[in-house]
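Asker: First the structure, which I've put down as structure tokens, then a few questions once you've had a look.
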Amino acid sequence: MINFLCPHCQGHLRVSNSIIFLTKTTKGKSGLVLISPELGDYSVKMHPTYNNFEEGEVVNFICPICYENLDAEEFDKNLAKIVMQEEDGKESTIVFSKIVGEKCTYQITEGNIKSYGNNLHGYDSTFGDIF
Ligand SMILES: [Zn+2]
């Protein structure tokens, strides 16, 4: 199984077939969100009472184990990050958008970057400087 870890406490965020996040919107709503571990799959599960986001709303992702904010501010204020650990032990950083409706994910391994989703242009320059 591919594991997903919090970059702060190394806690396991994946349970069964979901990555679990505590989230809080900039409008002050908070709730649990389950995201598919498949990179590029943007299906999200949450309680129906929480599922009333507006397109473009910013959602902060928080580790449900240590409560650290998962912001990837070194890349962009609108991106969050977690660690992906493959079966062979290889680790990469997964960076994704915090903006509702913006489907973009980056997989960063040493010297290499792969992108997923269809909303990638906004962050190209962010990563252009790194590699
Ligand atoms: Zn944590």
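Asker: Across the Cα atoms of the chain, what radius of gyration and what greatest pairwise Cα-Cα distance (Dmax) are found, in Å?
Answerer: Every Cα atom of the chain included, Rg and Dmax give 14.0, 42 Å.
Asker: Okay, next question. To the nearest 500 deg cm²/dmol, what mean residue ellipticity at 222 nm is calculated for the chain from DSSP H runs of n ≥ 4 alone, each contributing -39,500 (n - 2.57), summed and divided by the residues?
Answerer: Value at 222 nm, helices only, nearest 500: -500 deg cm²/dmol.
Asker: Cysteines of the chain lacking any other cysteine beta carbon under 4.7 Å?
Answerer: C104
Asker: I would also like to ask the following. Of the lysine pairs in the chain, how many meet both conditions: Cα atoms under 17 Å apart, and a spacing of 8 or more in sequence or different chains?
Answerer: Taking the chain as the scope, the lysine pair count is 18.
Asker: Could you work out what % of the accessible surface of segment 3-128 is carbon and sulfur, using a 1.4 angstrom probe and leaving DNA, RNA and ligands out of the count?
Answerer: C and S fraction of accessible area: 48 percent.
The values are calculated or read from the model by the stated rules, or taken from the named source; none is laboratory data. It should be emphasised that the depicted structure is a prediction, and the values quoted were computed from it without experimental measurement. Please note: Cβ atoms are built from the backbone with ideal geometry, for glycine as well, and neighbour counts cover all protein chains shown. Calculation scope for accessible area: heavy atoms of the full protein, side chains included, ligands and nucleic acids excluded. Shrake-Rupley method; radii C 1.70, N 1.55, O 1.52, S 1.80 Å.
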